[in-house]
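The values are calculated or read from the model by the stated rules, or taken from the named source; none is laboratory data. Values in this document were obtained by computation on a predicted structure and should not be read as measured data. Cβ coordinates were reconstructed from backbone atoms using ideal geometry, including for glycine residues, and neighbour counts include every protein chain displayed. Note: accessible area is taken over every heavy atom of the protein model, side chains too, but ligands, DNA and RNA are not part of it. Shrake-Rupley method; radii C 1.70, N 1.55, O 1.52, S 1.80 Å.
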Amino acid sequence: MEMAYRERWEAEIAAMRRVLAGFAMKEECKWGKPTYTVDGKNIVIMQGFKEYFGLGFFQGALLKDPKNVLVQLGLVQAGRVMKFTSVKDIAAKAATIKAYVREAIAVEKAGLRIEKKKTSDFPVPGELTARFRRDAQTATRVTRIEKAMPAIFEGRGFLERR
């Protein structure tokens, strides 16, 4: 298994495997990390980072998170991570981990999914819009059109060679 900081988190990986052992999930190696699946669908993934060991929930945004332990990393829409710093930390939260994994399996079996945001759902800063309006890059567009015209007139697609 190729996992970042694998040696550092060896004991935590073993502890998490013990916590997850009672579930009817299959451990597979995906993206070089231990990933647990049900019927081929990803449920959780173990991730080692410099500062913490994480259990990532692929559909974590759909979990109720009553203990407020799931963290959104970056701009991911559905995934959430539960962070740990030691084997003791994992042992102390074993009941919570199991409850969250049970819910994650139920969410997957129900086929629930986060409704993905479309590009148009994200706000565009006014300054960027104004800049685009001021500099429409007309010269670049004209150059591209002129470059593409011979191929178009010959009935070739953009990536087709002569």
Looking for whichever is loosely packed, with under 14 Cβ neighbours inside 10 Å and either under 24 Å from Glu7 (Cα atoms) or not aliphatic (A, V, I, L, M) (or both) here; the options are Ala92, Ala110. Which one fits?
Ala92
With respect to Ala130, determine if the residue is touching a residue at least 40 places away in the same chain (Cβ under 8 Å) and either touching a Lys or Arg at 6+ places or on another chain (Cβ under 6 Å) or not in a loop (DSSP other than H, G, I, E, B) (or both).
no
All positions within the stretch 1-58 that are under 15 Å from Ser86 (Cβ atoms), free of Cβ contacts under 8 Å to residues at least 40 places away in the same chain and in a strand (DSSP E or B)
Gly54
Check whether at least one residue in the stretch 54-72 is in contact with a strand residue (DSSP E or B) (Cβ under 8 Å, 6 or more places away or on another chain) and open to solvent by 90 Å² or more (accessible area, probe 1.4 Å), and report yes or no.
yes
Kindly evaluate Glu7 against the criterion of being loosely packed, with under 14 Cβ neighbours inside 10 Å and acidic (Asp, Glu).
yes
Residue check: is Glu28 among the acidic types (Asp, Glu) and out of contact with any strand residue (DSSP E or B) (no Cβ under 7 Å at 6 or more places or on another chain)?
no
Of the residues Lys83, Lys88, Lys67, only one is of a type in the set (Lys, Arg), modelled with pLDDT of 85 or more and part of a helix (DSSP H, G or I); which?
Lys88
